[in-house]
Amino acid sequence: TEEDVLEIAKNRNLHPRVADELLHPTFRPKIEQYDTYLYLILHFPKYDNRDSSHGYEIDFIIGKDFLITAQYTDIAALEDFVSACETDKRKAKQYLTNTGELLYYLLSYLFADSLAELEKMDKRISVMETKIFHDRNKEYTYVKEISLLRREILDFRRTIHPQQSVLRSLEEEGKVFFGKEMHIYFSRIIGDYLRVWHILENHKETIEALHETNESLLSTRTAEITKNLTIMAFITLPLTLLANVFGMNMSAFPIVGNPYDFWIIIGIMFLGISGMFMFFKWKKWI
């Protein structure tokens, strides 16, 4: 709340601009260094196959002896991490050595949560791949499902891509703020980020390949339907022609008037259909 932010800003001597930014989400991630703390903003993607989301934002204020986080929605991963610090003595001893290491373990946990989200996405992509290549229904296409997956991957990329430059800056400024011994920790954070990014790139390439495959299968199906309709139209052409010829109003007409004129005309139609059918078979069009 605004009251919480004002109290924290007063107790920790936060810059008024930082206090103001804590009250509302920020569009882009960033890092700023002040005299006694670092101000870090990161966005983490959230995958939900019911809807596409740009994820959530966490603001970090990291001092030498305190770490403050601010979020604008409930974040299960962050709550789990805090709960582990409160209930698991072993993890608390490991995480709470200093604020630099605490930030490292928290960011690692959040990136691990992003990897879990990517695993959910991978399972859905695998199901889609199975449908397209093995269980393809001739009466159904997967354009909508693939389009939704492409949008979700795009949102995931849009959320996480700007973080790379911010994490690089955190590596440099963290080394100055906390000391050189923390350099390896922030390098590992960049490693966690790159792992997420590479898996996301693999998902992107896979869904693009599935999209192209589905488009090819859809085009093939459309061409097959068009070919069959064209063949049917040409096979029935003799019927239409004969019906129009014998339907003309003329005083004298061959065959018409004979005792078996109807069956003769039916036979001519049958021969015409058979001839067209044999012609298409000879051309290997059917």
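The values are calculated or read from the model by the stated rules, or taken from the named source; none is laboratory data. This is a predicted model, so every value here is computed, not measured. Cβ: placed from backbone, ideal geometry, glycine included. Neighbour counts: every protein chain shown. Side chains included, ligands, DNA and RNA excluded: accessible areas come from the protein's heavy atoms. Shrake-Rupley method; radii C 1.70, N 1.55, O 1.52, S 1.80 Å.
Just a few scattered comments:
- Residue in the range 128-142 that is touching a residue at least 24 places away in the same chain (Cβ under 8 Å), aliphatic (A, V, I, L, M) and closer than 29 Å to T1 by Cα present: no
- Flag for D65 being in contact (Cβ under 8 Å) with a residue 24 or more places away in the chain, more than 30 Å from E215 (Cα to Cα) and out of contact with any Pro (no Cβ under 6 Å at 6 or more places or on another chain): yes
- Filter result for H43 (within 25 Å of E119 (Cβ to Cβ) and at pLDDT 90 or above): yes
- Neighbours by Cβ (under 8 Å, 6+ apart or cross-chain): first from the range 216-236, over 21 Å from I146 (Cβ atoms); second assigned to a helix (DSSP H, G or I) and open to solvent by 60 Å² or more (accessible area, probe 1.4 Å): I235/F277
- Any helices (runs of 4 or more DSSP H) falling wholly within the range 131-244 and containing at least 2 residues that are open to solvent by 70 Å² or more (accessible area, probe 1.4 Å) and within 18 Å of L107 (Cα to Cα): 163-178, 183-235
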